[in-house]
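The block underneath contains the structure these notes are about, expressed in structure tokens.
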Amino acid sequence: MDYTPHTTDDVRAMLEALGMQELRELFADLPEALLEPELDLPAPMDEQAILAHLRELAGRNASAAKAFLGGGLRPHFVPSLVPALAQRGEFLTAYTPYQPEVSQGMLQAVFEYQTMIAELTGLDVSNASLYDGAAALAEGVLLALRQTRRMGVVVSQGVHPEYRQVLATYLHAVGAELRTVALEGGLTPPAEFDDSVGAVVLQSPNFLGAIESPAPWVEAARASGALVVYVADPLSLALLKPPGEWGADIAVGEGQPLGNPMNFGGPQFGYIAVREKLVRQLPGRLVSQTRDVDGRRGYVLALAAREQHIRRGKAKSNITTNAQLTALMGAMHMAALGPEGLADVATASVVHAHALAEMLARLPGVERVTPEPFFNEFVLRLPRPAAEVRSELAARGWHAAAPVPAEYGENLALFAATERHDEDDLAGLTAALEEVLQ
């Protein structure tokens, strides 16, 4: 799309104001090599020839057979209707719907997203999404500290290490104290919390893929007056008991497995849901349903407690534009599959992950680290450094064996499987790993 905002008269007026004769004078401080680079361009081609040339160039790209990478981001099937709807102009170009009278479609779509997240997590209220899973965790913990008026945070080592790094950065800025409880046998041990702790954080399935039983932490948090922040893979909630039923006060996580491809670096979206008593502490914005003067159903922004709307000192967060489009893609995905479809995808992922773990663990020198039960990601101990193994697998056309930080052990690699994999894929990766490890 062409967009040329300045007319010839605009440019002339600007140059006159600057006392210049031509545009080149604006760039006089730049090296000549940048101003007049020598371009070695081929001869011009017509449309048919250039399309053939571009196809030839694209054919040189190397594509992996399948991706088995995990860590919260995975390759799930995205129905064609999701990108088709998401690319409609009403969604693709929409910004903050400040004028509800002309934004009812967008507001209703966001309201539907919030409703789905609330139902998925078993909690009362969801906001209109956050940047990603790590930001969602940090915002959830800050919410808990505001509510409890305490500055202590206890987090399980089973929480994604990158999430914990982001959380540490946020907490350092506000002067909060962060304590990490080490895993034992791949699971979070019971802990006790004193009255300085405002938030306790648990993840299930945890970073190693194991499904945690949060009951001991929830009970201990209740006894101390702390709030429970529960990090959950949204797809796992199609099968597992939701955070709200466990007694969690706040649920957060990464939404990429819902309707979003594994883009290099994003965009993603984070979700957050809370109990009703915490609704006034929610960061970002919230879409609510109401009635107009004629009794017709309508949608409006409510409790938008961010800096653009209220005084900075009263803002719940400095979050501004959230990942709205990708969150709506998650809602479209959930609507397309429905509860049974989501459960089918989750079940297929579990079946394939367990089959792959069993096949890979039979290879010489390979040991499974993740205890059962696990969801669709698991960790193996390899006889060689995981980074080397991953590189050699990639050279053979397989994206797998994501290196696990050394805090969890040496030579650990993370694998994931989803509904997109079949028996041939599992056998192919197993054969490739066996070859690499010889």
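The values are calculated or read from the model by the stated rules, or taken from the named source; none is laboratory data. Treat the numbers as computed from the prediction; the structure is a model and nothing was measured. Heads up, the Cβs are rebuilt from the backbone with ideal geometry, glycines too, and the neighbour counts pull from every protein chain shown. Surface accessibility is based on the protein's heavy atoms, side chains included, excluding ligands, DNA and RNA. Shrake-Rupley method; radii C 1.70, N 1.55, O 1.52, S 1.80 Å.
Computed with a 1.4 Å probe over protein heavy atoms only, the accessible surface of region 1-121 comes to 75 Å² per residue.
With q set to 0.13, 0.14, 0.15, 0.21 Å⁻¹, the log10 of I(q)/I(0) for region 184-325, from the Debye formula over equal scatterers at the Cα positions, is -0.74, -0.85, -0.94, -1.32. Tally Lys and Arg at +1 and Asp and Glu at -1 over the other residues with C-beta under 10 Å from the C-beta of Asp233: what net charge comes out? Summing Lys and Arg as +1 and Asp and Glu as -1 gives -1.
Solvent-free Debye calculation, one equal scatterer per alpha-carbon of region 184-248: log10 I(q)/I(0) at 0.12, 0.15, 0.25, 0.27 Å⁻¹ equals -0.28, -0.44, -1.10, -1.21. Distance between the modelled labels on Arg275 and Ala395, one decimal in nanometres: 5.5 nm (7 Å Cα→Cβ projection). Please label the shape of region 15-87 as rounded, prolate or oblate, based on the square roots a ≥ b ≥ c of the eigenvalues of the alpha-carbon gyration tensor (a/c under 1.5 means rounded; beyond that, a/b larger than b/c means prolate, else oblate). It is prolate, given that a/c is not under 1.5 and a/b is the larger ratio. Approximating the spin labels as points 7 Å out from Cα along Cα→Cβ, the Ala355-to-Ala215 distance works out to 3.3 nm.
Our estimate of slack between Lys241 and Ala387, defined as 0.36 nm per intervening residue step minus the Cα-Cα distance, is 49.1 nm. Scaling against 2.2 N^0.38 Å puts the C-alpha radius of gyration of the chain at 1.15. Multiply the residue gap between Asp294 and Arg222 by 0.36 nm, knock off their C-alpha separation, and tell me the result in nm, one decimal place. Contour length minus the Cα-Cα distance gives 21.4 nm. Where nothing but the Cβ of Lys and Arg (+1) and of Asp and Glu (-1) is charged, how large is the charge dipole of the chain around its Cα centre, in debye to the nearest 20? My answer is approximately 1700 debye. When the Cα positions of Val345, Gly186, Asn61 are compared along the charge dipole of the chain, Gly186 comes out farthest toward the positive end, with charges on each C-beta of Lys, Arg, Asp and Glu.
A convex hull fitted around the alpha carbon atoms of region 113-250 yields 99 Å³ per residue.
The tail of the calculated P(r) for region 64-112 beyond 16 Å holds 58 percent of all Cα-Cα pairs.
Provide the packing ranking of 156-167, 139-150, i.e. peptides ordered by the mean count of other C-beta atoms within 10 Å per residue, highest first.
Details: 156-167: 20.4, 139-150: 21.9.
Sorting 156-167, 139-150 by mean packing, highest first, produces 139-150, 156-167.
For Cα pairs less than 8 Å apart in space and 6+ apart in sequence, what is the mean separation divided by the residue count of region 32-157, i.e. the relative contact order in percent? Working shown, then result.
Values: 30 pairs, mean separation 9.9, N = 126.
Computed value for region 32-157: 8 percent relative contact order.
Starting from one equal scatterer on each C-alpha and no solvent at all, send me the Debye-based log10 I(q)/I(0) for region 372-431 at q = 0.23, 0.27 Å⁻¹, two decimals. At q = 0.23, 0.27 Å⁻¹ the computed log10 ratios are -1.01, -1.22. Sequence-ordered 3J(HN,Hα) estimates for region 149-154 from the Karplus curve with 6.51, -1.76 and 1.60 and θ = phi - 60° stand at 6, 10, 10, x, 10, 10 Hz, glycine and proline given as x. For Ala182 and Met151, a Förster radius of 22 Å and the Cβ-Cβ distance give a FRET efficiency of 0.50, rounded to the nearest 0.05. Span-like helix check, the chain: qualifying full DSSP H segments, with Cα axial length of 18 Å or more and mean Kyte-Doolittle of 0.5 or more, are 133-148, 324-361. Placing pseudo-labels 7 Å out from each Cα toward the beta carbon at Ser80 and Gln104 gives an inter-label distance of 3.2 nm.
State the percentage of accessible surface on the chain attributable to carbon and sulfur atoms; use a 1.4 Å probe and exclude ligands, DNA and RNA. Reported share for carbon and sulfur atoms: 53 percent.
The alpha-carbon positions of region 94-153 define a convex hull whose volume is 120 Å³ per residue. Taking a quarter of the surface of the Cα convex hull of region 35-176 gives a mean projected area of 17.4 nm².
Go ahead and collect, in residue order, the members of region 93-131 whose backbone nitrogen is under 14 Å from a label point 7 Å along the Cα-Cβ direction of Ala173. Zone members listed by number: 131. Here the chain carries DSSP beta bridges of which approximately 55% are antiparallel, counting only pairs with both residues inside.
Phi angles across region 189-205 convert, under the Karplus curve 6.51 cos²θ - 1.76 cosθ + 1.60 with θ = phi - 60°, into 3J(HN,Hα) values of x, x, 9, 10, 10, 8, 7, 8, 8, x, 9, 10, 10, 9, 10, 8, x Hz, Gly and Pro given as x. When the helices of the chain are scored as -39500 (n - 2.57) per DSSP H run of n ≥ 4 and the total is divided over every residue, the value at 222 nm lands at -11500 deg cm²/dmol.
Over region 173-261, Cα pairs under 8 Å with separation of 6+ residues give a relative contact order of 25 percent.
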